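The values are calculated or read from the model by the stated rules, or taken from the named source; none is laboratory data. Just so we're clear, the structure is a prediction, and the values are computed from it rather than from any experiment. Glycine gets a Cβ as well: all are built from the backbone with ideal geometry, and neighbour counts include every protein chain shown. Please note that ligands, DNA and RNA were not included when accessible areas were found on the heavy atoms of the full protein model with its side chains. Shrake-Rupley method; radii C 1.70, N 1.55, O 1.52, S 1.80 Å.
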Amino acid sequence: MDTIRSRLPFPDVQPGFLRGQIPDEAPFHGEPWENVKNDLERVVMKGLNQWRSPHFHAFLPIACSFPALLGDMLAGATISPPATW
């Protein structure tokens with residue numbers, strides 16, 4: 001969340017961009033956490049919609065509090081769509 005304001009709300013990548021960014025097979029040995037963190041930032045974050053960006057106005061981040069999560073759980077348990085109008 002520290003860098004959310006500086007990120008683009010929509011990714012500036014083309015479909016399939018990830019294919020050339022990651023190896024064809026999973027590594028045989030684990031990697032240091034620092035490498036995983038760097039890959040997350042370099043590859044994954046680059047292709048995500050930033051739903052919680054202050055520059056993204058399509059949806060409100062309503063499910064980010066305890067009451068919202070509880071309401072979503074109750075709505076899911078009663079099979080009713082959790083939408084507000």
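In the stretch 42-55, how many are more than 15 Å from Asp12 (Cβ to Cβ), over 10 Å from the mean Cα position of the chain (by Cα) and open to solvent by 60 Å² or more (accessible area, probe 1.4 Å)?
The number of residues fulfilling the criteria is 0.
Within the set of pairs 6 or more residues apart or between chains, which connect a residue that is farther than 13 Å from Arg19 by Cα inside the stretch 32-47 to a residue that is open to solvent by less than 70 Å² (accessible area, probe 1.4 Å) and hydroxyl-bearing (Ser, Thr, Tyr) with Cβ atoms less than 7 Å apart?
none
Of all residues in the stretch 5-38, which are modelled with pLDDT under 90 and in a helix (DSSP H, G or I)?
Residues satisfying the conditions are Arg5, Ser6, Phe17, Leu18, Arg19, Gly20.
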